[in-house]
Amino acid sequence: MKTLYAAVLIGSISACALSTAVAQTAAPAADPALSIYRETTPKYNDLVHTKLDVRFDYKKRFMYGKEWVTLKPHFYPTDSLRLDAQGMDIKNVSIVKAGKNTPLKFTYDSLTINIQLDRTYRNNENYTVYIDYTSKPNLLKAQGSAAITDAKGLYFINPDGTEKDKPTQIWTQGETQSSSAWFPTIDKPNQKTTDEIIMTVPAKYVTLSNGRLASQKVNGDGTRTDTWKQELPHSPYLFMMAVGDFKIVKDTWKGKEVSYYLEPKYAPYARDIFGFTPEVIDFYSKTLGVDYPWNKYSQIVVRDYVSGAMENTSATLHGEYVQATKRELIDAYYSQGRSTIVHELFHQWFGDYVTAESWSNLTVNESFADFSETLWAEHKYGKDAGDAHINDDRENYLSQPNLKAKDLVRFHYKDKEEVFDAVTYQKGGSILYMMRNYLGNAAFYKGLNIYLKTNAFKNGEAHQLRLAMEEASGRDMNWFFNQWYFGAGHPILNITYKWDDATKTQTVYMNQTQDGNAFILPIAIDVYAGGKMDRKKFWIRNKVDSLVFHSAVKPSLVNVDGDKMLLVKKTDSKSIDEFTFQYFNAPLYLDRSEAITAAVKQQSNAGARKVVIAALNDKYYELQIKAIRDADMTNDDVRNAAQPILIKLAQTDPNTLVRAAAITVLGKLKASGNTNLFKDALKSQSYAVQGAALTALSLLNPADALTLAKSFENDSEDALTQAILNVYATSGSDAQYDYVYKAFTAGQPQTQFGIMKKFADFTGRVKSNEQALKGTNAMIDFGMKYKKYGVAPQVAGILAGLKTDRAKLNDTATVAAIDKATIELNKTE
Ligand SMILES: [Zn+2]
């Protein structure tokens, strides 16, 4: 699963952490919930097959279900069965024998059905229980206990058709344990079952579920009955259904259907969005030595999804953020959110084919899916792209100090949702990257192959991964798993150097300053001296370690962690001369990135300036952008050298984000000589380039920019829309207010968050009180809707500024609305 959270709203689709808010306010150390050992759920009965026959009541938001669930005792004979079933009406529970139903005794407390079977069964006997029930997901909170949160499992979107511009849809979300809100089951990841889902829906709609569409039957009453069969076992949380008006675009991989379900408006771009899927299936199949295991692979995009995306077996569900037109995709480089598509696909092996046996072991699902994003980046876009991706992971984890006490395999947590954090995702992905570096690619992938084949259609935990890696490599891996999987934190490494010219001796001191034990770290140290590079392999085993060696001449650079694979917070006391040497001689993304970071801080130094200027043309675009943004254009030497390069980049760089960044920096110079360059850039197909150009022009001539902005109103998205909004917010009149209002209300949450300040500025000075109130209410709605993701303080701050502006205009209605909303936004739940 990929989840949305505040950081997404604040601007980057980085991976998950289901609830940063939950993690950061996590229980105090003494919380009794944390002392509970979260064991793997015992198995008394095993699911074997689940057959569902369902109809939907759009008006009541109910689902009427009939279920035939086949089970068998796991080992010990038993005469009873417990099923999870959240907030349902249970009308009948019977044992099915020779096609005949005989009612069984049961009790139900709105969470669990306790069933007395007709006799004792042994583990070589299957039995089938029939249940007639009504699922009422929208009443869950009212009916359930504290254990039921707002995880409804089954979602009715715009079921009455009252919301204009929003389609009517039904979709489900099972992870973590919400499938039992729409069918009684043993809702635990260590259960696996085949399934058959028979859905009766309005005939105008399309359906999607796991497995194959076995039959479709048009009924006389305007409905159609679709039967889906998933003939390979999978866990209940991976079950899915979707119903709505979707257009299906089909590709294939090795004869298997690869399909994309999109709203009709986005169907023309289905291949632009998802068309690389067969290529990724092929790459992962080959890398893992296990062909894609399911009969088909579908991806569907739905409205109002509660998370980022979900890897339901053979039927991944995405939130709207993945939708885009061909033109929007021009600026959608891999690191700008496209990696979710490969993340969910990799789960079809790590998660669906072999499933984490408990939420404590979620790492064997999510760390792999996270790591797979880097795998695809390396394969498709080159080593720099892969290195950049994994380094973003490391920095994401390291930037959250509250996570350093959390084990990757987490046997103690307050709520299972907490395990979906940057330890399980980004830190786990970084740990796999280190493991691959230590074992070598071939042994690592062989280990993955052994893990998958040994545990196919079953469950896995971290120990099974360790055993597979040991089998593949012939090396003991306990030391690695003990510190990274069953331990917490990371090394904090202080690196210092000493050269003794008299003895021609170089010493490298490596000092681990974190609390607790030393980490064992096998690393490469690259020594650049006399025009040659010499790699030394070294194991750091102690809190204070040093490496001493002779060198005929003083090394130009001693590069610790030559492969740049360590998950470590480090302070490296290199001089600017050494960093300059590093930029031009050490090969990796992070070598260059570290050098640029050091160089931009001291641009009065000639060597540093050389790095900054050279980096404007770095071979990796994200490093170019870093240098473009941080080049000190107030420094005459930098500006004189950079300006001609920036002009060239602005005009011709193949990467639209580099062009846009160059235009942005040139725009701030307010040089009228660049007017034509900006006007030419406005003709680009890239919204990023156009947006940067419009903003640049608005700094030179606001009146011209206002006229230009109007001409782009009807053909604008993303960065261009934001630039138009900026122009209007700064110099527009009431006539432009409605455009800004519509752009705000129709925007994706990330866009809304990004433009809210400008929208509020404009709202603050608009003449019509009626318009101002309408806009204010839209901002309040946003704040309330996404309060759970932590946006309330920012929204309240923006509203406070707006209140001051409207008060000056005596707009009492808007002021009152803000006062009322501020109380609501500040309430803690
Ligand atoms: Zn995931």
TODO: Taking H placed 1.01 Å from N in the peptide plane, check which residues at least 5 places from ALA214 or on another chain put their amide H under 5 Å from its amide H.
DONE: THR227, TRP228, LYS229
Task: Protection proxy ranking of 80-86, 64-70, 603-609, 543-549 - average other beta-carbon atoms within 10 Å, highest first - done: 80-86, 64-70, 603-609, 543-549
Open item on the list: Suppose a student asked you for the relative contact order of segment 502-593, using Cα pairs under 8 Å spaced at least 6 residues apart; what percent would you report?
Closed with: 29 percent
TODO: May I ask what percent, to the nearest 5, of DSSP beta bridges between residues of the chain are antiparallel?
DONE: 80 percent
TODO: Would you mind checking LYS97/LYS247; LYS166/LYS787; LYS406/LYS498; LYS2/LYS404; LYS247/LYS758; LYS504/LYS569 for any pair whose Cα atoms are more than 32 angstrom apart?
DONE: LYS97/LYS247; LYS406/LYS498; LYS247/LYS758
TODO: Report the net charge of residues surrounding GLN748, where surrounding means a beta-carbon distance below 13 angstrom and charges are Lys +1, Arg +1, Asp -1, Glu -1.
DONE: -3
Open item on the list: Given the -39500 (n - 2.57) contribution per DSSP H run of 4+ residues, what per-residue ellipticity at 222 nm results for the chain, rounded to the nearest 500 deg cm²/dmol?
Closed with: -12000 deg cm²/dmol
- [ ] Multiply the residue gap between ASN402 and GLN514 by 0.36 nm, knock off their C-alpha separation, and tell me the result in nm, one decimal place.
- [x] 38.9 nm
Task: Average accessible surface area per residue within segment 267-366, 1.4 Å rolling probe, Å² - done: 21 Å²
- [ ] For LYS610, list the aspartates and glutamates whose Cα falls under 20 Å from its own Cα; do not include residues on the same chain fewer than 8 positions away.
- [x] ASP577, GLU578, ASP591, GLU594, ASP618, GLU622, ASP630, ASP632, ASP636, ASP637
TODO: Mind checking which aspartates and glutamates have their Cα closer than 19 Å to the Cα of LYS229? Skip sequence neighbours fewer than 8 apart in that chain.
DONE: ASP53, GLU67, ASP195, GLU196, GLU257, GLU311, ASP352
Open item on the list: Spelling out what I want: for every residue of segment 56-61, take phi, set θ = phi - 60°, compute 6.51 cos²θ - 1.76 cosθ + 1.60 (Karplus), and round to whole Hz; glycine and proline get x.
Closed with: 10, 10, 4, 5, 8, 6
Open item on the list: Sequence gap at least 6, Cα distance under 8 Å: using those rules, report the relative contact order of the chain to the nearest whole percent.
Closed with: 8 percent
Open item on the list: Which residues among segment 752-786 fall inside the zone where the amide N is under 16 Å from a point 7 Å beyond the Cα of ALA746, along Cα→Cβ?
Closed with: 752
TODO: Kindly state, to the nearest 0.05, the FRET efficiency for ASN676 paired with THR505, given R0 = 45 Å and r defined as their beta-carbon distance.
DONE: 0.15
- [ ] Quick one: what are the phi-derived ³J(HN,Hα) couplings along segment 530-538, Karplus 6.51/-1.76/1.60 with θ = phi - 60°, whole Hz, x for glycine and proline?
- [x] x, x, 10, 10, 10, 8, 10, 9, 8
- [ ] Report the calculated FRET efficiency for LYS554 and ASN101 (r = Cβ-Cβ distance, R0 = 60 Å), to the nearest 0.05.
- [x] 0.10
Open item on the list: Quick check on packing: order 459-465, 474-480 by the mean number of other C-beta atoms within 10 Å, highest mean leading.
Closed with: 459-465, 474-480
Task: FRET efficiency, 1/(1 + (r/R0)^6) with R0 41 Å, evaluated for LEU467 and ARG55 via beta carbons - done: 0.30
Open item on the list: So if each residue of separation counts as 0.36 nm, and I subtract the Cα-Cα distance between LYS767 and GLU320, what length gain in nm does that give?
Closed with: 157.4 nm
TODO: Provide the net charge surrounding ALA488, with neighbours chosen by a C-beta distance below 9 Å and charges set as Lys +1, Arg +1, Asp -1, Glu -1.
DONE: +1
- [ ] Please work out whether segment 249-390 counts as rounded, prolate or oblate from its C-alpha gyration tensor, where a ≥ b ≥ c are the square roots of the eigenvalues and a/c under 1.5 means rounded, while otherwise a/b larger than b/c means prolate and anything else oblate?
- [x] rounded
Open item on the list: Here is the link list: LYS767/LYS803; LYS192/LYS446; LYS91/LYS192. Which ones come out longer than 21 Å on Cα distance?
Closed with: LYS192/LYS446; LYS91/LYS192
Task: Cross-link table LYS152/LYS416; LYS564/LYS648; LYS141/LYS827; LYS105/LYS152, entries beyond 26 Å C-alpha to C-alpha - done: LYS564/LYS648; LYS105/LYS152
- [ ] Net charge near TYR445: determine it from the other residues with C-beta under 10 Å of the C-beta of TYR445, scoring Lys and Arg +1 and Asp and Glu -1.
- [x] +3
Task: Among 522-535, 282-295, the order from most to least packed when residues are scored by Cβ within 10 Å on average - done: 282-295, 522-535
- [ ] Give the whole-number value, in cubic angstrom per residue, of the convex hull volume spanned by the C-alpha atoms of segment 323-388.
- [x] 98 Å³
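The values are calculated or read from the model by the stated rules, or taken from the named source; none is laboratory data. This one's a predicted model, so the numbers in the text were calculated from it and none came from an experiment. So basically every Cβ, Gly included, is an ideal-geometry build from the backbone, and we count neighbours across all protein chains shown. With ligands, DNA and RNA removed, areas are computed over all heavy atoms of the protein, side chains included. Shrake-Rupley method; radii C 1.70, N 1.55, O 1.52, S 1.80 Å.
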